[in-house]
Structure formats: C-alpha cells, structure tokens
Amino acid sequence: MRLSRYLLPTLKENPAEAQIASHRLMLRAGLIRQEAAGIYSWLPAGLRTLRKIEAIVREEMNRAGALELLMPTLQLADLWRESGRYDAYGPEMLRIRDRHERELLYGPTNEDMVTAIFRANVKSYRALPMNLYHVQWKFRDEQRPRFGVMRGREFLMKDAYSFDVDEAAARRSYQRMFVAYLRTFARMGIRAIPMRAETGPIGGDLSHEFLVLAQTGESAVYCDKAVLDLPIPGAGVDYDGDLDPIVRQWTAPYAATEDVHDFERFEREVPAERRLQTRGIEVGQVFYFGTKYSAPMKALVTGADGGDKPIHGGSYGIGVSRLLGAIIEAGHDEAGIVWPDAVAPFNVGIVNLDPGDAQIDELCAGVHGALEAMGLDALHDDTDERPGVKFARMDLLGLPWQLIVGRRGLSQGTVELKRRATGERLTLAPYDAVAHIG
Ligand code: ATP
Ligand code: MG
Ligand code: MG
Ligand code: MG
C-alpha cells in the first residue's frame, strides 16, 4: 500500500476528548473516527487490525470445535419476552419500532435468538455437544460511553453459545472455551488473566472474566502473581481430551475482580510478596448458566433414556473492538502505538526518504513486492514530506518494523531496519533487511 494513495488522517495534537492513551492514539493514528457518542467509523488502518483480531478469534473458535453462523443485529422483542428478560434488561437496550409498529431491538447479546435457532433445529442429544458462535455488532446504550472503542455503544463482539445434555458435559464445553481464550489472547501478544467473576444479568453459577492488566482498566482486580507466568496451551491441545488439568492450573492461583473479591481468602492464600492489586480491562467472559434460557424457551433434547430435557447452556463473549484499546493500553510509548506483530495494521512501514529519485522509488517498490511475496503487509510512505514528519508518523502508527530507504544509505549499498518495540536499528543490504523481517 502506498501512503500517498491511502487514507491515514494522523493528528499531531492530542484530541481534547480522549482521556486515556489508547483512545488518544487511535484517534491520532487515524484508526477510527467518532460519529456519535460511542459510535465509530473504522478507517482503513483501524479496520485492518480489527480484521486481524477477528481472524485470530475465529481460528481459535474453530479449532475448539465451535461452528460459525451469523445472526442479525435486529431482533424481535417478542423473543426476549419469551425468555423473560425484555423488561429486565433496562435502558441499555436500544428499542426500535418498524413501520408496522412491530417492536424490535438492536441486539446487546444473543442467548435468546441462538436458543430459538437451536430449539427449531436440534432435537436429539446425539448432536451434542454443540457450540454456535458469531462475530457481530452489538449495541448497548451505555450510560457513559468513553475511552473510545473500549466502552462504545456499538461494538464488535464474538459471542459463542454451548448446548449440552447435562451439567457435566456443559462444564466440559466451558473448559473448551476457557482454553481457547487462553490461546486467543496470547496469539494477539497480550496476556489476559482469567479471574473469578460475578455472572451479572446473564445469570448462572460459573463464570470467569479475562482481563488485561492496565492502570486504566475499569475493574479493580486482585491476584496471585503466580498466575502471570503460567504456560499457554499449545496449538496441538486436544479439545476432545481432558482439559481439567489446564483449567485447574489456571484457576488455582487466586485471581478475582472486585465484585467477588474475598479479602480474607486473599491474605490467607497468597504470600504478601505475591499479592498483586491492580486494575484490568475485561476483554472476554465465559459463563455457564444451566437451563436459564432453555427451560422458559423449551429448548429440549431427547436424552439416551428417551425423555425430553432442557439443555444446559453457556455463553462466551470476546470484545473484538475493545481489544484494540486493550492491546494499545498494553503496548505504547511516548511516540505512539507499539503493535504486536500478529495484529499490526501492516507488518512493515517502508520509509522512502527521497521520493522522486527513480532509483530509490524503484528499490522501495522492489522490497515492497518482496515483502508481500513473503505474506507480509507493507505500507510505503512515498509522500514528499520531511523525514522527521515521516519518522514521527511511523512511530505513531506503531508498525513492528520500519525499513528506511534513502540516497545516503544506498550510496553505501544499505538500508536501515528499525524494530519499533525496542528501537534497535540494523544497517543491512536491502534484501537482507527483507529476509531479516521474514
Ligand atoms: P463491561 O463489564 O465492561 O460492561 P460486560 O460484562 O457488560 O462488559 P459482556 O456481556 O460480558 O460485557 O460482553 C462480552 C464482552 O464484550 C466483554 O467482555 C467486553 O470485552 C465486550 N464489551 C462489553 N461491553 C462493551 C462495550 N460497551 N464496548 C466495547 N466492548 C464491550
Ligand atoms: Mg456492561
Ligand atoms: Mg463486566
Ligand atoms: Mg462481562
């Protein structure tokens, strides 16, 4: 991609409305544009990262055996009356009327709808366990939308729903999602800690929130530092096997959000030097809620004994759009964003110091092609701005690698390769630099 033909509206000044680093940097780097309170357009570079995050989530859900479908954003109010929570949900729900005076709502979550889909199509225990998920925009009319995409009103969520014949099977489904979440967040270059959590309006009796530790997080959290060093399950993890040891290992050290924090237990179980009291950003949550929806909505399956029983359900959310904010909170410095490789909008920024010089332009185009042939995305700054402006913009955008190409270097046969995260610089022959990145 050539920057001269791209839409990257970077800002030099800090936008006054942004209170935290990730919000400031997303606006300054030209990733998003606010359209209304808590409602954003995703500009091209922001959308690239959103899609990369989404792709990782999807791969790990599929690996864990979940089936992707896509439910609509608009739902009938009657469906929510059936499950009994239309009135209970309150002002966070955006309620809409169509021209026929039918009551609709913009879905804040999908338990009710997915239960109706399941009920209409699955009758036998033989199809279970089943896990259905989608990645879809949600709307919650948050009282205080803030911190940019972190607490939006319209936001992108991955939500999965499991269906099982009994509680023991449902707990295994819960464990599959728990393990998939450990892998998902680690692949994005962040550490999200599973913590015991309250089940909230969704109900049920077993839940963990996954939190990225950050001072700007909205939840106070308490944990044993031992949880920070636990190993992430590998790609070969057997989702049909016994996941209990992994879940037990991850839930053994004390880790809880303020809502369920037990101060005495914390002091009793965790030695003083390992007590960590900090703040965190909720990037995902897993729930087991039993028959909360299946009983009122009569989502029954015929069991091995021939009787009809309500299925045992769970739901599993990931805040896909919130993750951009969380990843930036965890990775930035004075100069700007420091993207992890896996989710950066582009892997490499090519900084052309002498645009218009035919030899330099040709070399930039050549390394660009070579990078793309290796499956790497590159953004070529071919604008005719000053070098200082280009360097500052590349640092702000936070691409993992910068390949700096200019007449002076090339007279020695070299280019400069800079690693954004460490500031480390290498002077290499152009195609050695390309090989170094791959
Ligand atoms: P919060 O406690 O932050 O309000 P929640 O517990 O209400 O979140 P869930 O119902 O658990 O959210 O939804 C699943 C995930 O969706 C959350 O873990 C979070 O990552 C994301 N999410 C929830 N609300 C928002 C929002 N307003 N903006 C962006 N992401 C959100
Ligand atoms: Mg909420
Ligand atoms: Mg919450
Ligand atoms: Mg939650």
Please give the number of the condition Leu206 fails out of (1) in contact (Cβ under 8 Å) with a residue 60 or more places away in the chain; (2) under 17 Å from the mean Cα position of the chain (by Cα). (2)
Out of the residues in the range 110-152 that are part of a loop (DSSP other than H, G, I, E, B) and within 23 Å of Phe185 (Cα to Cα), which is most open to solvent (accessible area, probe 1.4 Å)? Phe147
Taking the range 275-287 and keeping residues within 16 Å of ligand 3 (Cβ to nearest atom) and either in contact with a helix residue (DSSP H, G or I) (Cβ under 9 Å, 6 or more places away or on another chain) or open to solvent by less than 10 Å² (accessible area, probe 1.4 Å) (or both) leaves Gly280, Ile281, Glu282, Val283, Gly284, Gln285, Val286, Phe287
It is to be established whether one or more residues within the range 186-208 are open to solvent by 20 Å² or more (accessible area, probe 1.4 Å), under 26 Å from Ala330 (Cα atoms) and assigned to a helix (DSSP H, G or I). yes
Just to be sure I understand, how many residues within the range 118-149 are aromatic (Phe, Trp, Tyr) and more than 16 Å from ligand 1 (Cβ to nearest atom)? 2
Which condition number in (1) under 30 Å from His23 (Cβ atoms); (2) surrounded by fewer than 22 Cβ atoms within 10 Å (Cβ to Cβ) is the one that Leu379 fails? (2)
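So, Glu17, is that one under 30 Å from Thr383 (Cβ atoms) and among the acidic types (Asp, Glu) or not? Spell out the reasoning first.
Details: under 30 Å from Thr383 (Cβ atoms): yes; among the acidic types (Asp, Glu): yes.
Yes: the conditions hold for Glu17.
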In the range 153-166, which residues are open to solvent by 10 Å² or more (accessible area, probe 1.4 Å), in contact with a helix residue (DSSP H, G or I) (Cβ under 8 Å, 6 or more places away or on another chain) and more than 24 Å from Gly307 (Cβ to Cβ)? Phe155, Met157
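What residue, of Leu243, Leu206, is within 16 Å of ligand 4 (Cβ to nearest atom) and farther than 26 Å from Ala21 by Cβ? Break it down into steps so the answer makes sense when it comes.
Values: Leu243 fails: within 16 Å of ligand 4 (Cβ to nearest atom).
Criteria check complete, one pass: Leu206.
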If I filter the range 83-107 down to residues being more than 16 Å from ligand 3 (Cβ to nearest atom) and part of a helix (DSSP H, G or I), which single residue comes out as least open to solvent (accessible area, probe 1.4 Å)? Ser83
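Give the residue, chosen from Ala197, Ala170, Ala192, Ala186, that is touching a strand residue (DSSP E or B) at 6+ places or on another chain (Cβ under 9 Å), at pLDDT 95 or above and within 14 Å of ligand 4 (Cβ to nearest atom). Step through it out loud before you land on a result.
Numbers: Ala197 fails: at pLDDT 95 or above; Ala170 fails: within 14 Å of ligand 4 (Cβ to nearest atom); Ala186 fails: within 14 Å of ligand 4 (Cβ to nearest atom).
Only one candidate passes the filter, namely Ala192.
Could you list, in sequence order, the residues of the range 2-46 that are in a loop (DSSP other than H, G, I, E, B), among the hydrophobic types (A, V, I, L, M, F, W, C) and under 18 Å from Trp339 (Cα atoms)? If you could, list the steps in order and put the result at the bottom.
Step one: filter the range 2-46 for residues in a loop (DSSP other than H, G, I, E, B), giving 6-20, 29-31, 37-38, 43.
Keeping just the survivors that are among the hydrophobic types (A, V, I, L, M, F, W, C) gives 7-8, 11, 16, 18, 20, 29, 31, 37, 43.
Those that are in a loop (DSSP other than H, G, I, E, B), among the hydrophobic types (A, V, I, L, M, F, W, C) and under 18 Å from Trp339 (Cα atoms): Leu8, Ile20, Ala29, Leu31, Leu43.
Determine if the range 247-262 includes at least one residue that is of a type in the set (A, V, I, L, M), touching a Gly at 6+ places or on another chain (Cβ under 6 Å) and within 16 Å of ligand 1 (Cβ to nearest atom).
Keep residues of the range 247-262 that are of a type in the set (A, V, I, L, M), which gives 247, 252, 255-256, 260.
After this cut, where a residue has to be touching a Gly at 6+ places or on another chain (Cβ under 6 Å) as well, the list is none.
Within the range 247-262, none of the residues are of a type in the set (A, V, I, L, M), touching a Gly at 6+ places or on another chain (Cβ under 6 Å) and within 16 Å of ligand 1 (Cβ to nearest atom).
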Any idea which residue in the range 71-82 is nearest to ligand 3 (Cβ to nearest atom), counting only those that are in contact with a helix residue (DSSP H, G or I) (Cβ under 6 Å, 6 or more places away or on another chain) and open to solvent by 20 Å² or more (accessible area, probe 1.4 Å)? Leu79
Qualifying position, being within 16 Å of ligand 3 (Cβ to nearest atom), part of a strand (DSSP E or B) and not aromatic (Phe, Trp, Tyr), among Gly317, Gly325, Gly313: Gly317
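Quick check on the range 299-333: of everything there that is charged (D, E, K, R) and closer than 17 Å to Arg146 by Cα, which residue is most open to solvent (accessible area, probe 1.4 Å)?
Residues of the range 299-333 charged (D, E, K, R): 305, 308-309, 322, 329, 333.
Applying the additional criterion that residues be closer than 17 Å to Arg146 by Cα yields 322, 329.
Working: Arg322: 46, Glu329: 26 Å².
Result: Arg322.
Could you say which residue among Ala116, Ala120 is touching a residue at least 40 places away in the same chain (Cβ under 8 Å) and either hydrophobic (A, V, I, L, M, F, W, C) or away from ligand 3 (no atom under 16 Å from the Cβ) (or both)? Spell out the reasoning first.
Numbers: Ala120 fails: touching a residue at least 40 places away in the same chain (Cβ under 8 Å).
So the residue among Ala116, Ala120 that is touching a residue at least 40 places away in the same chain (Cβ under 8 Å) and either hydrophobic (A, V, I, L, M, F, W, C) or away from ligand 3 (no atom under 16 Å from the Cβ) (or both) is Ala116.
Please verify whether Thr291 is in contact with a strand residue (DSSP E or B) (Cβ under 6 Å, 6 or more places away or on another chain), surrounded by fewer than 22 Cβ atoms within 10 Å (Cβ to Cβ) and within 19 Å of Gln215 (Cβ to Cβ), treating the condition exactly as stated. So that I can check it myself, show each step before the final result.
Details: in contact with a strand residue (DSSP E or B) (Cβ under 6 Å, 6 or more places away or on another chain): yes; surrounded by fewer than 22 Cβ atoms within 10 Å (Cβ to Cβ): yes; within 19 Å of Gln215 (Cβ to Cβ): no.
Against the criterion (in contact with a strand residue (DSSP E or B) (Cβ under 6 Å, 6 or more places away or on another chain), surrounded by fewer than 22 Cβ atoms within 10 Å (Cβ to Cβ) and within 19 Å of Gln215 (Cβ to Cβ)), Thr291 does not qualify.
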Looking only at strands (runs of 3 or more DSSP E) that fall completely inside the range 238-309, which ones have 2 or more residues that are within 16 Å of ligand 2 (Cβ to nearest atom) and under 27 Å from the mean Cα position of the chain (by Cα)? 275-290
Only listed residue being part of a strand (DSSP E or B) and either more than 16 Å from ligand 3 (Cβ to nearest atom) or open to solvent by less than 20 Å² (accessible area, probe 1.4 Å) (or both), chosen from Val227, Val212, Val179: Val212
When both residues are 6+ apart or on different chains and their Cβ atoms are under 6 Å apart, which pairs have a first residue that lies in the range 56-81 and is farther than 13 Å from Arg95 by Cβ, and a second that is open to solvent by 40 Å² or more (accessible area, probe 1.4 Å) and of a type in the set (Phe, Trp, Tyr)? Thr73/Trp137
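The values are calculated or read from the model by the stated rules, or taken from the named source; none is laboratory data. What you see is a predicted model, and the numbers here were worked out from it, not measured in a lab. No Cβ is skipped: glycine too gets one built from the backbone with ideal geometry, and neighbour counts run over all protein chains shown. Surface accessibility is based on the protein's heavy atoms, side chains included, excluding ligands, DNA and RNA. Shrake-Rupley method; radii C 1.70, N 1.55, O 1.52, S 1.80 Å.
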